[in-house]
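Undergrad: Take this structure first; my questions come after.
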């Protein structure tokens, strides 16, 4: 593709190219899907997975074999549901029952849907939905049950929203409504996936007892997307920013896009970012409960992409005019770093949190609140990976004066030695200077330098030599003129 | 809140109840608790509640046990909240020691002799700081720094110490040089007093209960140190400096939250004393210390900037001249040597750069779990209140002057 077109960019940003190459060359998937053993319909499913989501498709296909197909099918089903919800060409009276009964559709064998508008980008998936239904039936019954249950919850939630006239005309009103919407479209996905992970024994069952954690995972991703897509949604006549937030800064939603109001628009996105940052500690907590590496990568990669995106949109005026995206190089770097362990993921979160804090400005109405949210993320990371050890400190400041540990003793000995080294070094430098000066003065003396005169002149206060005077001084001193 | 649902505290004596923290405790007790309040202070004229509130005020010197006993006998307190500490301005080492250590000892003695059930002592989060090492998410497991290690550093510190602990004094680089020394001195004494108070838990014939609270960086209405100093920086138009990269987190605690924690601790100790059996070790409150913060650590300069914002600053950070730690170190070293050559002391030294870049924040989970503590006033609101109170005060003073 346009590699040639991108060449100048990469020449100026070699790090970006480096990250991409490294990812392509060195990325070693934990598991790799094996298409040769797959049925035709499953292959078809993966084809649609690639088509509907490039970013998710890659991480799904590296999942543990136990969950590879269930998660892929779950994703396609939800994508199908989403495609119906999104399509404004479908009349409400037709849309609502479809959404509410989507879990029943899963029981059918050859259901397809051809009534999407021609511009709906994922309409192909629904046209060939029978392949998804076929594979769904081949899943283990426990997975089918979970997927069906969450499809039902999500479909009903979406139907409620589609039905909500107020929302359709005026957009989302309160922050609570906004989070409820995020719950239906993303929080439930988080909960459903967590059930699958725990059923497959790849995650800590305790995650099921803390549903707010998986909820935050979904909320954080969805909120980030909504914040980023401000302009795109506005052009599509949709608004997900809750009125409760934007009305604090502008009177009409459209005012956000007036260039003169850029400060107000930034204050609005800042408040949205602040709202999303509150979910971060719980996201990190959730990821600590994942046992399997491939599942960890699957959940961690979207999260780090989200925090990086949030940083990119934070106080960025371009949010009102277009789509702000992280660069491909950065994305590759993040994928490399995040597909390791919780520590590296926390490091990434800390890095981006600090960048957000750095961009924060007292001009922002939520200046201190954002600072606090950043501080709380840092404090949370510190609570998972403490950088100080009270036991060591106790030893260091023991009640009866500092108690020395072996390490301390070693350090002290080392310091002593260092001091000795420095002393010897200084001594040798001074010694060398002394010897060399001695040699030079000696040589000068042998060649006839008159130090006696020089010294007596110096004591008289003459610091610079006077060539003409020099001869006469020598003559005067010695009592004769040598000519 | 309906009066019937208020927690009962019986007879409460607040020592230092006319002080900065003390009078906030009195206010909170009045509004949210069912109790008889008495205040003991050296002078009881400032921060005094109107007589209609029914607070009993007693003048008294805590360093004299003979003076305390009759007052205690008269009040017959169930619980004593001891917040008294001399103001940092003016005073000498002996005086501070007398009040902080000996005064606390005589309060403990008076409690024991008069059958007080519980004593809550106000310590400080600084008791675990050696003023040189970062404190990162520190909790109660961190050791108290013995005076030796603390003083080792305090003699070297002059400038940024005060910036870190009590804000900037007038000029970004020029706080009161003696201030930090005094502060460290007091911290040492607080540590000594704290150890004594806790050692007396469940002793004496009455088996009275004690605990200590360690608030971090108290500020709020009536604040005479931190917020006023930072406000002066804005009034002097010196907000354009920043030492360090401002990634160091700090805990600042609104005084109302500290007062809230004290009341909770007093209530919890009274409840424990009513139990027939000693509580489990993970629920224990008596004999324990608790870190008290706003649970909202912020980047050091952000706190100052929020104060300036409340004062009316509309500036962002574009005008700020950031002196990085490295550059600060080089500058500091050069200045130190330069000033040394001409026989003066530099205001900026590498040590001070270090202090202004120090991290000091705490984990107050223990207070949350055992005392049920949760800050009642968020940091931004606390700052707004503190700045508003001071501005009103300045305005009043200005009106008086102009009259």
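Undergrad: Any chance you could check the Cα centroid distance between the range A:325-345 and the range A:124-168 for me, in angstrom?
TA: Comparing the Cα centres of the range A:325-345 and the range A:124-168, I get a distance of 31 Å.
Undergrad: Other chains' Cβ within 10 Å of B:316-326 residues: what's the mean?
TA: 1
Undergrad: Quick one: helix B:104-113 against the long Cα principal axis of chain B, what's the angle to the nearest 10°, folded into 0 to 90?
TA: Once rounded, the angle reads 10 degrees.
Undergrad: Same structure, new question: Using a 7 Å offset from the Cα along the Cα-to-Cβ direction at both residue B:8 and residue B:396, what is the distance between the two label points in nm, to one decimal?
TA: Distance between the two pseudo-spin positions: 3.7 nm.
Undergrad: Hey, another quick one. Specify the angular offset, from 0 to 90 degrees and rounded to the nearest 10, of the alpha carbon long axis of helix A:328-338 from the longest principal axis of the alpha carbons in chain A.
TA: Taking Cα atoms only, the helix is inclined about 90 degrees.
Undergrad: Within chain B, what percent of beta bridges assigned by DSSP are antiparallel, to the nearest 5?
TA: 10 percent
Undergrad: Expressed as a rounded percentage, what relative contact order does the range B:313-357 have, with Cα pairs under 8 Å and six or more residues apart?
TA: Relative contact order comes out at 38 percent.
Undergrad: What is the antiparallel percent of DSSP beta bridges lying wholly in the protein assembly as shown, to the nearest 5?
TA: 10 percent
Undergrad: So what's the gap between the Cα centers of the range B:209-251 and the range B:18-85, to the nearest angstrom?
TA: Using only Cα atoms to place each centre, the spacing works out to 27 Å.
Undergrad: Using the basic label-point model (7 angstrom from Cα toward the beta carbon), what is the residue B:276 to residue B:374 distance in nanometres?
TA: 3.4 nm
Undergrad: Residue A:114 versus residue B:311, label points 7 Å from Cα toward the beta carbon: distance in nm?
TA: 7.4 nm
Undergrad: At 0.36 nm per residue, and after removing the present C-alpha to C-alpha distance, how many nm does the segment from residue B:73 to residue B:237 gain when stretched out fully? Please report the intermediate quantities before stating the final value.
TA: Values: separation 164, 0.36 × 164 = 59.04 nm, distance 5.35 nm.
Length gained between residue B:73 and residue B:237: 53.7 nm.
Undergrad: Related question: Can you give the average number of partner chain beta-carbon atoms within 10 Å of each beta-carbon in peptide A:379-391, as a whole number?
TA: 4
Undergrad: Continuing with this model, one more query. Where does each of B:291-302, A:265-276, A:384-395, B:101-112 land if you order them by average Cβ count within 10 Å, highest first?
TA: Ranking the peptides B:291-302, A:265-276, A:384-395, B:101-112 by packing returns B:291-302, A:265-276, B:101-112, A:384-395.
Undergrad: Between residue A:458 and residue B:339, what FRET efficiency follows from the Cβ-Cβ distance if R0 is 22 Å, with the result rounded to 0.05?
TA: Computed FRET efficiency for residue A:458 and residue B:339: 0.10.
Undergrad: Using a 10 Å cut-off on Cβ to Cβ distances, tally the other chain neighbours for every residue of A:350-362 and report the average as a whole number.
TA: Mean number of neighbouring Cβ atoms from other chains: 3.
Undergrad: Just to verify a number: FRET efficiency for residue A:21 and residue A:359, C-beta to C-beta distance, R0 = 22 Å, to 0.05?
TA: Numbers: r = 29 Å, r/R0 = 1.33.
E between residue A:21 and residue A:359, to the nearest 0.05, is 0.15.
Undergrad: Taking neighbour Cβ counts within 10 Å as the exposure measure, how do A:460, A:411 sort from fewest upward?
TA: Result, fewest neighbours first: A:460, A:411.
Undergrad: Let me ask something else. Angle check, please: helix B:325-341 long axis (alpha carbons) against the longest principal axis of chain B (alpha carbons), in degrees 0 to 90, nearest 10.
TA: Computed tilt is about 80 degrees.
Undergrad: Using alpha-carbon pairs under 8 Å, 6+ residues apart, how would you state the relative contact order of the range A:204-387 in percent?
TA: Relative contact order for the range A:204-387 comes out at 26 percent.
Undergrad: In what sequence, highest mean first, do A:295-301, A:24-30 appear when ranked by Cβ atoms within 10 angstrom? Don't skip to the answer; put the middle values down first.
TA: Details: A:295-301: 24.1, A:24-30: 10.7.
By packing density, highest mean first, the sequence is A:295-301, A:24-30.
Undergrad: For the range A:20-165, calculate the relative contact order in percent as a whole number, restricting contacts to Cα pairs under 8 Å that are 6 or more residues apart.
TA: Relative contact order of the range A:20-165: 27 percent.
Undergrad: Tell me, in nm to one decimal, what length is gained between residue A:449 and residue A:318 on full extension, where the rule is 0.36 nm per residue of separation less the Cα-Cα distance?
TA: The span from residue A:449 to residue A:318 would gain 39.4 nm if fully extended.
Undergrad: Starting with the highest mean, order B:262-270, B:34-42, A:229-237 by the number of other Cβ atoms within 10 Å, averaged over the residues of each peptide.
TA: With the highest mean Cβ count within 10 Å placed first, the list reads B:262-270, B:34-42, A:229-237.
Undergrad: So, one more: Can you give the FRET efficiency to the nearest 0.05 for residue A:54 and residue A:247, using r as the Cβ-Cβ distance and R₀ = 30 Å?
TA: 0.25
Every read-out reported here was derived from the displayed coordinates using simple, explicitly stated rules and does not represent laboratory data. It should be emphasised that the depicted structure is a prediction, and the values quoted were computed from it without experimental measurement. Neighbour counts run over all protein chains shown; Cβ positions are idealised from the backbone, glycine included.
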